[in-house]
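The values are calculated or read from the model by the stated rules, or taken from the named source; none is laboratory data. Only a predicted model underlies this, so the values are computations on that prediction, with no experimental measurement involved. Heads up, the Cβs are rebuilt from the backbone with ideal geometry, glycines too, and the neighbour counts pull from every protein chain shown.
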Amino acid sequence: MNTGPLIAIAFIALVFALAALRTGLGYLNVHRDAAEEWPAYKKDLSQLVKGLGAEQFQRAYIRAYGPRGPLYGIITLLAAAVLTPPIMLVLTELYGIFIAEPTNGSGLASANLTNEVQRQFRRDGPLVYSFFLFFGLIASWGLIAFIVAHRFHKTRPGSLEDELRVARGEADHPDALLSRSRPKWSPLIQTQEGLKLPDQPKEE
């Protein structure tokens, strides 16, 4: 029995489970932080949250600090898993039309996927068809990742101040994001050079 596909499926399922766990815990932490920060903002930064209720503040806080990376990673895995079977059907059809040696007068691929795979093994050998599927799937998965990544950056949130202004209906947040602090559950801060740890005070 060929256990390769089962191992691959188990590995993908494990990655998906870990990403889902990380995303769920991350959003739980952000929800908790938002609820804890609201009284402090209302007391000490009342001008910043003027005109907003607790629910609006929490939604803006979650948009600004939510772990979007793992969430979009899950979306990418789900899209790849759902679209892989139809992609294989399309690739098989394209192979039968443009590459495979015809076995009948029409020159088209077999209507049944199983029969088509058997036909390629019989006529062209397994390597040609396997290589075509391999590189076709890699290109398709790359396209899916590109589309999700484009959506990820296009809908990226602004700073908490920007999101609070959006919640009040004052203005959309700017396209170019400035430096902003990360929530207290993350030690990293966002700078123009990327994510990094904050500077530590020098010991005397």
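For every residue, the table says whether it meets (1) farther than 24 Å from F146 by Cα; (2) aliphatic (A, V, I, L, M).
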{"site": "D33", "(1), (2)": "yes, no"}
{"site": "L45", "(1), (2)": "yes, yes"}
{"site": "F57", "(1), (2)": "yes, no"}
{"site": "R63", "(1), (2)": "no, no"}
{"site": "G69", "(1), (2)": "no, no"}
{"site": "P85", "(1), (2)": "no, no"}
Practice item. Go over the candidates S110, S46 one by one and state the one that is at pLDDT below 85, crowded, with 18+ Cβ neighbours inside 10 Å and among the small types (G, A, S). Key: S110
Point to revise | the range 23-43, residues that are surrounded by fewer than 18 Cβ atoms within 10 Å (Cβ to Cβ) and free of Cβ contacts under 8 Å to residues at least 24 places away in the same chain | key: G24, L25, L28, R32, A35, E36, P39, A40, K42, K43
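Residue by residue, here is whether (1) in contact with a Leu (Cβ under 8 Å, 6 or more places away or on another chain); (2) in a helix (DSSP H, G or I); (3) at pLDDT below 80 holds:
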{"position": "M1", "(1), (2), (3)": "no, no, yes"}
{"position": "A19", "(1), (2), (3)": "yes, yes, no"}
{"position": "R63", "(1), (2), (3)": "no, yes, no"}
{"position": "L89", "(1), (2), (3)": "yes, yes, no"}
Revision key, fill the gap. How many residues of the range 155-171 are of a type in the set (K, R) and outside any helix (DSSP H, G or I)? The answer is 1
Review point. What single numbered condition from (1) polar (S, T, N, Q); (2) under 21 Å from R168 (Cα atoms); (3) in contact with a helix residue (DSSP H, G or I) (Cβ under 6 Å, 6 or more places away or on another chain) fails to hold for S46?
Key: (3)
**Study point:** Every residue from the range 139-167 that is farther than 14 Å from T76 by Cα, exposed (fewer than 14 other Cβ atoms within 10 Å of the Cβ) and charged (D, E, K, R)
**Key:** K154, R156
